[in-house]
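J.: Mind looking over this structure? Questions follow.
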Amino acid sequence: MTGTSSNVGISYWEIHKTSGSWTEDTLGCTLNAADNSFPLGEALTLNNTTSPHVVFQDIVASGGLGGVTYYPWTMNGGSPSLYVGELQALTNSFASDVALLNTTSAPQPVWIFPGNSPGNSTGVCADAYY
């Protein structure tokens with residue numbers, strides 16, 4: 001990977017399956033409207049509800065985040081960065097990502113802005129593998 005920005009963070013996840021290879025079940029991205037201090041994560045419907053999954057949820061949010069429901073919160077971007085993926089409309093934002101392991105459901109998380117931070121547009125993406 002190459003780039004020109006000095007304010008980019010990369011999350012690296014290593015997950016292991018006891019046998020076989022990973023299969024992508026479903027994925028999606030949404031741009032949430034501004035003025036919501038509790039933006040929703042991506043809504044996913046799993047196609048395979050019998051196999052254990054890993055579900056990744058990501059958000060790009062101006063000003064940073066204070067927490068998330070349903071998922072263990074593992075990373076919050078600490079410096080402004082430019083998200084150059086599906087949701088290019090958001091710049092100088094903070095990104096955060098979470099993973100839910102060994103699950104047969106994909107609950108839609110609610111992201112939480114800290115304190116009285118104003119709600120801004122947010123971009124969320126998620127994908128699930130089994």
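J.: Just the residues that are modelled with pLDDT of 90 or more and over 16 Å from the mean Cα position of the chain (by Cα), please, taken from segment 26-58.
T.: Of all residues in segment 26-58, those modelled with pLDDT of 90 or more come to 26-30, 41-57.
Passing the criteria: Leu46, Asn47, Asn48, Thr49, Thr50, Ser51, Pro52.
J.: Related question: Please pick out the residue among Ser79, Ser96 that is modelled with pLDDT under 80, in a loop (DSSP other than H, G, I, E, B) and farther than 24 Å from Ser19 by Cα.
T.: Checking each option against the conditions leaves just Ser79.
J.: For Ala128, only one of the following conditions fails: (1) part of a strand (DSSP E or B); (2) aliphatic (A, V, I, L, M); (3) at pLDDT below 75. What is its number?
T.: (3)
The values are calculated or read from the model by the stated rules, or taken from the named source; none is laboratory data. Because the structure is a prediction, the values reported are computed rather than measured.
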